[in-house]
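Trainee: If you scroll down you'll find the structure; I have some questions about it.
We did not get these values from a lab; they are worked out from the coordinates using the rules stated. Being a predicted model, the structure only gives us computed values, none of them experimental. So basically every Cβ, Gly included, is an ideal-geometry build from the backbone, and we count neighbours across all protein chains shown.
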Amino acid sequence: MNLTAFQKLRSGLRRHGVPAAGRDLLSFELRLRTALEEVGVFADVEVERTPDHDRLLVALCSYRGDLTEDEVAWTLEDLWADLGHSHWSAHSFLTDRGHVELQAGSLSGVAGSYLTVHLVAQAQELPAQRTRSDAPVAVPA
């Protein structure tokens, strides 16, 4: 889904629902952090709650530099499919070289609460390969 369409849907969530709070928000925060840490793709995971109803949770993380942005987006899409509420859920991606953003929202039920997430993932720098001239040299004693 393109970002403009997602933002319109998210605005509808805000007009017709109540934001997740308390235990529900804390539970989702912990589930998101755990999922990001355990999937084997992300490191340096940070997840925080915010007062901004367009992004009740903000997450920052890094991903392995050998992965493409598409692979990272697919991984995040799978995570969101597992984490988002089953009643209604939508998401959008912004990608650039070494950078993937997920904006997502879900609704727990007809009269339920909504959750919004903004996640930013950045590629880790791959360590430079040593050349023969950089390799350590054994010095005789």
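Trainee: Show me, for the range 113-118, the HN-Hα J-couplings you get by feeding each phi into the Karplus relation (A = 6.51, B = -1.76, C = 1.60, θ = phi - 60°), rounded to Hz, glycine and proline as x.
Mentor: With the stated coefficients, the range 113-118 comes to 9, 10, 10, 10, 9, 10 Hz.
Trainee: To continue, here is another question. Taking the Cα centre of the range 3-125 as origin and charging only Cβ (+1 Lys, Arg; -1 Asp, Glu), how large is the dipole, in debye to the nearest 20?
Mentor: 780 debye
Trainee: Also, quick follow-up: In Å and from the alpha-carbon atoms only, list the Rg and Dmax of the chain.
Mentor: According to the Cα coordinates of the chain, Rg and Dmax are 19.1, 78 Å.
Trainee: Right, something else. Tell me, what ³J(HN,Hα) does each residue in the range 8-20 have, in order and in whole Hz, if you take phi through Karplus 6.51 cos²θ - 1.76 cosθ + 1.60 with θ = phi - 60° and put x for Gly and Pro?
Mentor: So the Karplus estimates, Gly and Pro as x, are 5, 5, 5, 4, x, 4, 5, 6, 10, x, 10, x, 4 Hz.
Trainee: How much length is gained if the chain between Val39 and Arg97 is pulled fully straight, taking 0.36 nm per residue apart and subtracting their Cα-Cα distance, in nm to one decimal?
Mentor: 18.7 nm
Trainee: What spacing in nm lies between the two simple spin-label points modelled at Val120 and Asp24, each 7 Å away from Cα in the Cβ direction?
Mentor: Placing both labels 7 Å along Cα→Cβ, they lie 2.8 nm apart.
Trainee: Taking the 0 to 90 degree range and rounding to the nearest ten, how far is the long axis of helix 69-83 tilted relative to the main principal axis of the chain, both from C-alpha atoms?
Mentor: The two axes meet at around 40 degrees.
Trainee: Something else about it: Using the alpha-carbon atoms, what tilt in degrees (0 to 90, nearest 10) does helix 22-38 show relative to the longest principal axis of the chain?
Mentor: 30 degrees
Trainee: Here's something else I'd like to know. Counting DSSP beta bridges in the chain, what percent are antiparallel, to the nearest 5?
Mentor: Roughly 75 percent of the DSSP beta bridges within the chain come out antiparallel.
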